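The values are calculated or read from the model by the stated rules, or taken from the named source; none is laboratory data. These figures come from a predicted structure and were not determined experimentally. So basically every Cβ, Gly included, is an ideal-geometry build from the backbone, and we count neighbours across all protein chains shown.
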Amino acid sequence: MTTKLSLATLDKLPAKVARPGYDRAALTPGILHFGVGNFHRSHQAVYLDDLFGMGLDHDWALVGAGVFEGEKRGRDVLKAQDFLTTVVEQDAGHMQARVTGAMVDFLVPGDTAAIVARLADPNIRIVSLTITEGGYFIDAATGHFNTAHPDIAADAKAPGSPKTVFGLILAGLKRRKAEGTPPFTIMCCDNIPHNGHVTREAVCGLARLSDASFADWVEKNVAFPNGMVDRITPATTDREREIGRSAFGIEDGWPVFCEPFRQWVLEDKFPLGRPALEKAGVQFVADVSSFELMKIRILNGGHATIAYPAGLMDIHFVHEAMENELVRGFLAKLERDEIIPTVPPVPGVVLEEYFQLIDKRFSNPKIGDTVRRLCLDGSNRQPKFIIPTIADRLEAGQGVAGLALESALWCRYCFGTTDSGKVIEPNDPNWDRLQTASKAAKADPGVWLGMEDIYGAVGKSGVFAREFAAALKALWADGTAKTLRRYLGGI
């Protein structure tokens with residue numbers, strides 16, 4: 001027997017399922033969040049749920065928001081269950097479910113008037129974002145905000161009718177300024193180096209296209225703390241919904257499954273105040289950059305490292321990739337030889353121990369994370385997680401053979417077939433372009449590296465071009481397994 005999740009049925013859930021230990025009706029919104037997906041609900045929303053359960057800061061509840069038509073379905077599912085979410089933590093010896101209630105509303109995605117009105121509400125003191133790495137309109141060739149993007153150009157032309165997250169934020173800030181309401185803090189929770197600075201550049205860059213004096217006001221008055229977030233959280237499928245029903249008796253249309261581990265390191269820059277998240281385990285620091293770089297290069301770069309060889313060898317789950325000696329060996333050698341040496345010291349962290357923790361987390365057999373998810377959106381992820389490491393090693397005159405092989409594996413994956421000949425369905429917003437470049441690169445590897453908006457100066461390096469060409473040639477001649485075996489043998 002299962003119980004459909006809602007406020008009215010919380011007391012009917014099995015005793016083993018934890019539920020909000022606070023009066024949800026007493027919560028009032030303090031944070032508006034763009035990008036209500038699985039990661040947000042397994043991370044920020046969980047920290048807040050913990051804090052509320054301590055009887056603290058009940059004026060910092062979440063209101064969801066979005067801009068895309070596709071987000072309406074998720075909103076409908078959550079609304080039908082009173083914006084409650086089942087969060088299931090899993091590893092080899094552990095599976096525990098809890099219902100979280102930190103979100104109290106979710107505005108209709110694309111409802112500009114309602115979103116701007118809520119942004120102008122003085123009770124909203126933080127606006128947070130998980131809009132994916134590709135949502136910040138970064139030009140990989142320059143590393144800066146792309147003012148020429150059609151969506152940005154459209155918002156700049158019609159700032160009163162914004163369609164992007166940043167256009168909506170600016171409309172809310174403009175109304176607050178006009179009404180004498182202090183500006184909210186903008187808190188990025190995406191995996192981007194210097195994510196606060198990147199968000200600031202996007203918001204201020206868009207403002208400057210239509211109103212330079214207002215852009216000056218934003219730059220002077222709005223805080224953009226940098227932060228590092230971490231929790232492996234796969235997409236929800238019917239598999240997870242069925243486990244929710246069979247193992248916990250919960251009928252949840254959009255449960256979240258994740259690993260037990262979570263981490264959040266954040267700069268303490270919140271002029272209008274903030275919830276006491278340090279009591280729920282958030283680490284506040286003066287400068288988050290070292291933690292951020294460590295995570296992006298070692299964990300996110302590690303995901304990219306295992307993704308494409310596993311994808312080419314028809315491996316479905318991430319833990320299965322880690323059971324393959326070639327994939328796991330490739331990860332260990334590339335991390336220790338080329339990635340970890342580019343990461344500066346991090347206060348209180350031994351980098352080798354951090355990598356060993358990453359290895360253990362990737363190997364979690366219960367999480368159900370898929371290789372295809374890791375392969376997704378390489379055109380936005382590679383310029384953030386891999387290519388800067390290549391650039392640093394080239395500048396230092398250090399070897400890049402492993403990183404070149406990782407890049408060649410991505411190129412080979414984008415050809416659209418695995419080593420066995422199985423078709424790889426489109427897995428990137430720029431799939432058609434990537435597939436065209438990959439097919440041309442089979443004869444001329446320089447075509448792939450010529451994607452300047454992705455590779456920038458790295459694509460022009462003769463050293464990298466030679467290593468990349470050799471790796472791609474080997475992949476086509478011998479396949480992924482044999483190429484990895486040769487690399488691991490130092491041949």
Kindly check whether there is at least one residue in the range 342-351 that is hydrophobic (A, V, I, L, M, F, W, C), touching a Leu at 6+ places or on another chain (Cβ under 8 Å) and touching a residue at least 60 places away in the same chain (Cβ under 8 Å).
no
Take the residues of the range 1-13 that are surrounded by 12 or more Cβ atoms within 10 Å (Cβ to Cβ) and in contact (Cβ under 8 Å) with a residue 40 or more places away in the chain: which is farthest from His58 (Cα to Cα)?
Thr2
Out of the residues in the range 96-143 that are modelled with pLDDT of 95 or more, of a type in the set (D, E, K, R) and more than 15 Å from Ile186 (Cα to Cα), which is surrounded by the most Cβ atoms within 10 Å (Cβ to Cβ)?
Arg98
Ala437 in the same structural domain as Leu376 (by TED's automatic domain parsing), surrounded by fewer than 13 Cβ atoms within 10 Å (Cβ to Cβ), over 20 Å from Leu394 (Cβ atoms) and hydrophobic (A, V, I, L, M, F, W, C):
no
Residue that is farthest from Asp111 (Cα to Cα), among those in the range 69-101 that are of a type in the set (A, V, I, L, M) and in a strand (DSSP E or B)
Met95
Across the range 402-417, the tally of residues that are out of contact with any strand residue (DSSP E or B) (no Cβ under 9 Å at 6 or more places or on another chain) and surrounded by fewer than 18 Cβ atoms within 10 Å (Cβ to Cβ) stands at 0
Collect the residues in the range 157-215 that are without any contact (Cβ under 8 Å) to a residue 24 or more places away in the chain and outside any helix (DSSP H, G or I), keeping them in residue-number order.
Ala158, Gly160, Gly180
Go through (1) over 23 Å from Pro183 (Cβ atoms); (2) at pLDDT 95 or above; (3) in a strand (DSSP E or B) one by one and return the number of the condition Gly64 breaks.
(1)
